[in-house]
Amino acid sequence: MAVSLTESSRDSIALRTDFSLLIGGELVQSAHHLDVINPALGTVFARCPAAQAPELDRAVDAARGAFPTWRARSFAERAALVKRLSQRLRERQNELAELLTREQGKPLSQSVAEIDRGAAQSDGMVGIEIPVEVIADDIDKHIELRYRPLGVVGIITPWNAPVNLALGPLVSALYTGNTVVLKPSPYTPLTTLKIGELLNEIFPPGVVNVLAGGDELGAAMTAHRGIDKISFTGSVATGKKVLASAAATLKRVTLELGGNDAAIVLDDVDAKAVAKKIFFASFVNSGQVCMAIKRIYAHERVYEELCDALVEEAGKAKVGNGLDPSTELGPVQNKMQYDKVVGLIEDTKKAGAKFLAGGEIPAGPGYFLPPTLVTDIADDSRLVQEEQFGPIVPILKFSDVEDALRRANDTRYGLSGSVWAKDVQRGAEIAARLEVGTAWVNQHRTTSAFVPFGGAKESGLGRQYSALGLKSYMEPEVVSVAKR
Ligand code: NAD
């Protein structure tokens, strides 16, 4: 592993402060602030305003005030504004991507891809129609099912993909006629605040409000009487708090939570050929992806060959500052997560597991860890049981596919999973038995605006994207007419 630190010293000299909250169509400062760390350097490079209860009240008031006019607009009018946003995101892509890499750590090409994907998914979502559904229409009666917007949607996002994970719920909420208060993670608020400036150019005042803030601001949103729905993306532990808090006002909730995705590699695959894809799906964003592969179950017939091929991939992957164009894997995003992953590495070493690649903890600066592959580890170890959310993945052997399925499903998580097979029909049959929201065959992490995404079990509640996801930002209402 080579760690390159070619970052300009600019970050450590000039603190960037050109950020504002967006409330009721105005870009505003506040009495409090957040310091934002560049994880490649481990130092503060920017400062932004942080909202507290008074700003939240103002933002909610603005969103409530804007709601009647916004909901009265047609889907087509709202879609046109969303498309302008996608256009502006593409125009500003490079500048936003550089900021995203500085605050989040991922390689610049992946920051560009995240913004591009967010824009493409936004365009895709506003092409989906939510028609009135006629349930019955005869001589006696006409019954139809209509969908109307809920009101104000509070959107809370995590730090691993702040742009894409904001745009999904944001566009869903806006397109279906809701107004929004959006809060990014305190670790990565900056790109979202800059997108707030673009939103302010496009949408009427109050329709979207963007508040950076700490965890307590998220908690205040879930309790706020003026918010009708929370769309939350983050950890299972916080998701449970969100659900409990939302119960007091019976807010609607969508929870997109953590995962512990299994990949089951069957005996008929060309291990070398699938290794590249499996490696990328495990280690992209240094494993900090909800739907990354977090456990690899390999049939004994292909196990050795797969291990060798994955080790080869790990050896080739260049770890470094995301601003260096040759970097493939950036740092872990924050110190808390870095300490957690280092703890898991140490625990795994103590348990006597075999490290095929990585495992060493480089000296700083920055929160860098090498891609780490582990074998000979027990099913009940922390690494297999917990969501590692970092660049360490166990490879587990099986001889019977029923056993592999049982072990893959033996978890409270249920976000997604995959089966890798030459016989795709057999692969699909096995994939359908994974207890997850999405089961892929010969791929992992493929999502689209037209395909519902979300977690089974403790990985979430509800679905994002597709008509199913969009309808979760709306209240179904039956209109039932007696004709005589
Ligand atoms: P987190 O739960 O710590 O924080 C997420 C957001 O919630 C942040 O904005 C935070 O400020 C806010 N928050 C914290 N406490 C809160 C509370 N009591 N009430 C309301 N909001 C609160 O998660 P994280 O560490 O930022 O993100 C990593 C986790 O997110 C991982 O578990 C990952 O798998 C998950 N994730 C899930 C998806 C998905 O689509 N299923 C996508 C990305 C990440």
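Annotations
- Any hit, the range 27-47, residues being touching an Asp or Glu at 6+ places or on another chain (Cβ under 9 Å), of a type in the set (S, T, N, Q), in contact (Cβ under 8 Å) with a residue 60 or more places away in the chain and closer than 30 Å to Ala363 by Cα: yes
- Residue ID - nearest to the ligand (Cβ to nearest atom), chosen from residues in the range 252-263 that are within 22 Å of Leu182 (Cβ to Cβ) and assigned to a strand (DSSP E or B): Glu256
- Hits in the range 133-157 (condition: in contact with a Leu (Cβ under 7 Å, 6 or more places away or on another chain), surrounded by fewer than 24 Cβ atoms within 10 Å (Cβ to Cβ) and touching a residue at least 40 places away in the same chain (Cβ under 8 Å)): Ile135
- Some residue of the range 55-76 being free of Cβ contacts under 8 Å to residues at least 40 places away in the same chain and closer than 25 Å to Gly118 by Cα: yes
- Matching option when the condition is closer than 29 Å to Val152 by Cβ, crowded, with 20+ Cβ neighbours inside 10 Å and in contact with a strand residue (DSSP E or B) (Cβ under 6 Å, 6 or more places away or on another chain), among Phe45, Phe67: Phe67
- Selection status of Lys335, within 16 Å of the ligand (Cβ to nearest atom) and either at pLDDT 95 or above or basic (Lys, Arg) (or both): yes
- Options Ile377, Ile392, Ile430; residue that is in contact with a Pro (Cβ under 9 Å, 6 or more places away or on another chain) and over 25 Å from Asn160 (Cα atoms): Ile377
- Selected residue (criterion: surrounded by the fewest Cβ atoms within 10 Å (Cβ to Cβ)) from residues of the range 264-310 that are among the small types (Gly, Ala, Ser) and part of a helix (DSSP H, G or I): Ala273
- Subset of the range 178-204 [away from the ligand (no atom under 12 Å from the Cβ), buried (at least 24 other Cβ atoms within 10 Å of the Cβ), closer than 14 Å to Ile23 by Cα and not aliphatic (A, V, I, L, M)]: Thr179, Gly196
- A search for C-beta distances below 9 Å between a residue of the range 381-397 that is among the small types (Gly, Ala, Ser) and any residue that is within 11 Å of the ligand (Cβ to nearest atom), counting only pairs 6+ apart in sequence or on different chains, returns Gly390/Gly287; Gly390/Gln288; Gly390/Gln337; Gly390/Lys340.
- The residues listed here are Leu167, Leu193; of these, the one that is of a type in the set (A, V, I, L, M, F, W, C), at pLDDT 95 or above, touching a Cys at 6+ places or on another chain (Cβ under 7 Å) and at negative phi is Leu193.
- Residues in the range 218-251 that are hydrophobic (A, V, I, L, M, F, W, C), near the ligand (Cβ under 7 Å from one of its atoms), over 17 Å from the mean Cα position of the chain (by Cα) and crowded, with 23+ Cβ neighbours inside 10 Å: 1 in all.
- Any hit, the range 81-93, residues being acidic (Asp, Glu) and either over 19 Å from Leu199 (Cβ atoms) or crowded, with 23+ Cβ neighbours inside 10 Å (or both): no
- Selection count where residues are under 27 Å from the mean Cα position of the chain (by Cα) and not in a helix (DSSP H, G or I), scope the range 48-73: 5
- With respect to the conditions (1) surrounded by 22 or more Cβ atoms within 10 Å (Cβ to Cβ); (2) of a type in the set (Val, Ile, Thr); (3) farther than 30 Å from Ala46 by Cα, Ile128 lacks only one, and its number is (1).
- Among the candidates Glu328, Glu256, the residue that is farther than 24 Å from Arg412 by Cα and touching a residue at least 40 places away in the same chain (Cβ under 8 Å) is uniquely Glu328.
- Some residue of the range 205-214 being surrounded by fewer than 22 Cβ atoms within 10 Å (Cβ to Cβ) and more than 7 Å from the ligand (Cβ to nearest atom): yes
- Listed by first and then second residue, the pairs linking a residue in the range 273-295 that is more than 19 Å from Phe453 (Cα to Cα) and β-branched (Val, Ile, Thr) to a residue that is within 16 Å of the ligand (Cβ to nearest atom) and modelled with pLDDT under 95, with Cβ atoms under 8 Å apart and 6 or more places separating them unless they lie on different chains, form an empty list.
- Taking residues in the range 223-234 that are in contact (Cβ under 8 Å) with a residue 12 or more places away in the chain and over 20 Å from Leu257 (Cα atoms), and partners anywhere that are within 9 Å of the ligand (Cβ to nearest atom) and of a type in the set (A, V, I, L, M, F, W, C), the pairs with Cβ atoms closer than 8 Å and at least 6 places apart or on different chains are Ile227/Met221.
The values are calculated or read from the model by the stated rules, or taken from the named source; none is laboratory data. All figures in this text were calculated on a predicted structure; none of them were measured in a lab. FYI the Cβ positions are ideal-geometry reconstructions off the backbone, even for glycines, and counts take in every protein chain you see.
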